[in-house]
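Okay, structure first, notes after.
The values are calculated or read from the model by the stated rules, or taken from the named source; none is laboratory data. Small disclaimer: the values here were computed from a predicted structure and weren't measured. Neighbour counts run over all protein chains shown; Cβ positions are idealised from the backbone, glycine included.
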Amino acid sequence: MSAANLGHVLAQWVIDAGISTQEDYEAMVWNKTKEVMQEFVHYMEREDIILYATACGNAAWKHHKYLKDPPMYGQKVGDIIVCVLMVGALYFMNGWTIAQMPRTPADDNSERIRDHLRCIIVHMFSEVLNATVCKSEWGTFYAWHIMAETAGIGGVSSALIQNRTCAKETFAHLKIKELDLNKQVAAWLTQNPTLKSAIKKVQGTEACGRQRKRGWTLDNFLRHENTEDT
């Protein structure tokens, strides 16, 4: 999913909308992006993402630095939390959510733009998690690994990851004159009150360096219990 592909579908979208000025073009793209980001935040807040991410509780994980080795132990509490958040985000990107199922698709071009935007938003969310939650990429890597392992299960081959429309290393970086879409998406996600509150629950705690203890459950943590007690 390249910037060129996204630029092409956006150009057709703008032509169809009768937009003629650069300023209106950038505003239209950014407003559409914010619309999809609001859907993402609402989904992350309301949907039970723990149900989607049970594999994040696996005792051993594949590691991004040791791909040829067997799964490894030693995840921190923070890694597991990030994994769950990222799997939830990837389900949104793939359209595998309860909220997406009854949604009536728009025209083909609008749906392609929506696919591109979901891909960009989730990649930028991954960067926010890596940069502001725990200084580790293991949680986000393993989330992508989990999603790759689901390829073909339950007839979901049409999803963005499974049809290679969007992958861990495949997403557009769009810049239109003054609009650096990826940068603005990352900034918006970082400052969104709902996501900011969730991130702060991990920041300033020992979760990122704390080994998982017997009896600790992710469900308890995400239901607002303190990591100091895990």
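Within segment 30-49, the presence of a residue that is part of a helix (DSSP H, G or I) and farther than 19 Å from Ile121 by Cα is excluded.
Being of a type in the set (D, E, K, R) and free of Cβ contacts under 8 Å to residues at least 60 places away in the same chain is the filter; apply it to segment 40-76 and report the residue that is surrounded by the most Cβ atoms within 10 Å (Cβ to Cβ).
Pass one, segment 40-76, residues of a type in the set (D, E, K, R): 45-48, 62, 65, 68-69, 76.
In the following step, the residues that additionally are free of Cβ contacts under 8 Å to residues at least 60 places away in the same chain were identified as 46-48, 65, 68-69.
Numbers: Arg46: 11, Glu47: 17, Asp48: 11, Lys65: 9, Lys68: 5, Asp69: 9.
Per the stated criteria, the residue is Glu47.
The residue pairs whose first member lies in segment 6-17 and is of a type in the set (A, V, I, L, M, F, W, C), whose second member is buried (at least 18 other Cβ atoms within 10 Å of the Cβ) and not in a helix (DSSP H, G or I), and whose beta carbons are closer than 6 Å, counting only pairs six or more residues apart or on different chains, are Leu6/Ala172; Leu6/Leu174. Just one residue in the set Arg112, Arg118 is in a helix (DSSP H, G or I), touching a Leu at 6+ places or on another chain (Cβ under 9 Å) and modelled with pLDDT under 85; that residue is Arg112.
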